Amino acid sequence: MYLTRLIYTSTISASFSADDIEDILTTARKNNSKNNVTGMLCFNKKYFLQCLEGSRTAVNNTYHHILNDQRHTNIIMLDYKEITTRDYTGWAMGYMPESNLTTAFTLKYSGVSSFNPYDMLGESAHQMLLAMKELVPVNQES
Ligand SMILES: Cc1cc2nc3c(=O)[nH]c(=O)nc-3n(C[C@H](O)[C@H](O)[C@H](O)COP(=O)(O)O)c2cc1C
């Protein structure tokens with residue numbers, strides 16, 4: 001099964017509540033562990049930026065579930081690639097909260113200081129998500 005990586009961004013829906021993030025992470029980590037999907041999710045109380053990696057089938061199935069989730073809207077794929085190795089082995093879904101999104105960190109990957117993944121190149125989003133690995137612990141779920 002080929003390895004693939006998908007990166008998308010989205011915006012919270014009007015019905016989104018702060019508690020939803022815990023629920024999203026619990027479900028994501030449970031399902032992803034079962035399906036050998038790994039990745040990273042970043043959230044700043046307005047936008048999501050997420051990387052999913054795994055088999056082509058598993059990544060696409062997961063993305064289809066995510067597309068139908070009413071908790072977010074305006075879901076835009078930023079990057080989709082066949083890859084030779086995973087970047088997030090060990091992260092059933094890493095989570096980077098807003099507190100780590102400093103101005104300097106955001107400026108490194110985009111033209112503006114506020115986090116807005118819709119204005120980012122797919123490759124910048126990939127590099128930004130990769131850098132998050134250094135800021136969040138592996139196995140957050142345990
Ligand atoms: C921003 C966001 C990220 C999500 N990430 C994942 C994910 O990585 N894996 C996953 O299985 N579900 C994820 N979900 C949840 C799915 O949209 C969906 O609720 C879930 O796959 C349904 O699982 P269930 O059929 O076991 O209830 C995410 C939802 C949102 C809003």
| Which residues, taken from the range 29-54, are among the hydroxyl-bearing types (Ser, Thr, Tyr) and out of contact with any Ser or Thr (no Cβ under 7 Å at 6 or more places or on another chain)? | Ser33
| said: Being buried (at least 17 other Cβ atoms within 10 Å of the Cβ) and part of a helix (DSSP H, G or I) is the filter here; which residues of the range 1-34 pass it? | reply: Ile21, Ile24, Leu25, Ala28, Arg29, Asn32
| request: Given the conditions (1) in contact (Cβ under 8 Å) with a residue 40 or more places away in the chain; (2) closer than 15 Å to Gln140 by Cβ, report the number of the one that Glu22 does not fulfil. | output: (1)
| note | Filtering strands (runs of 3 or more DSSP E) wholly in the range 44-142 for at least 1 residues that are touching a Cys at 6+ places or on another chain (Cβ under 8 Å) and touching a residue at least 24 places away in the same chain (Cβ under 8 Å) gives 47-55, 94-96
| request: Please indicate, with yes or no, whether at least one residue in the range 73-81 is more than 9 Å from the ligand (Cβ to nearest atom), under 11 Å from the mean Cα position of the chain (by Cα), among the aromatic types (Phe, Trp, Tyr) and modelled with pLDDT of 95 or more. | output: no
| request: With the condition kept exactly as written, say whether any residue in the range 60-71 is farther than 25 Å from Glu134 by Cβ, more than 10 Å from the ligand (Cβ to nearest atom), at pLDDT 95 or above and surrounded by fewer than 16 Cβ atoms within 10 Å (Cβ to Cβ). | output: yes
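The values are calculated or read from the model by the stated rules, or taken from the named source; none is laboratory data. Everything numeric in this text was worked out from a predicted model, so none of it was measured. Cβ: placed from backbone, ideal geometry, glycine included. Neighbour counts: every protein chain shown.
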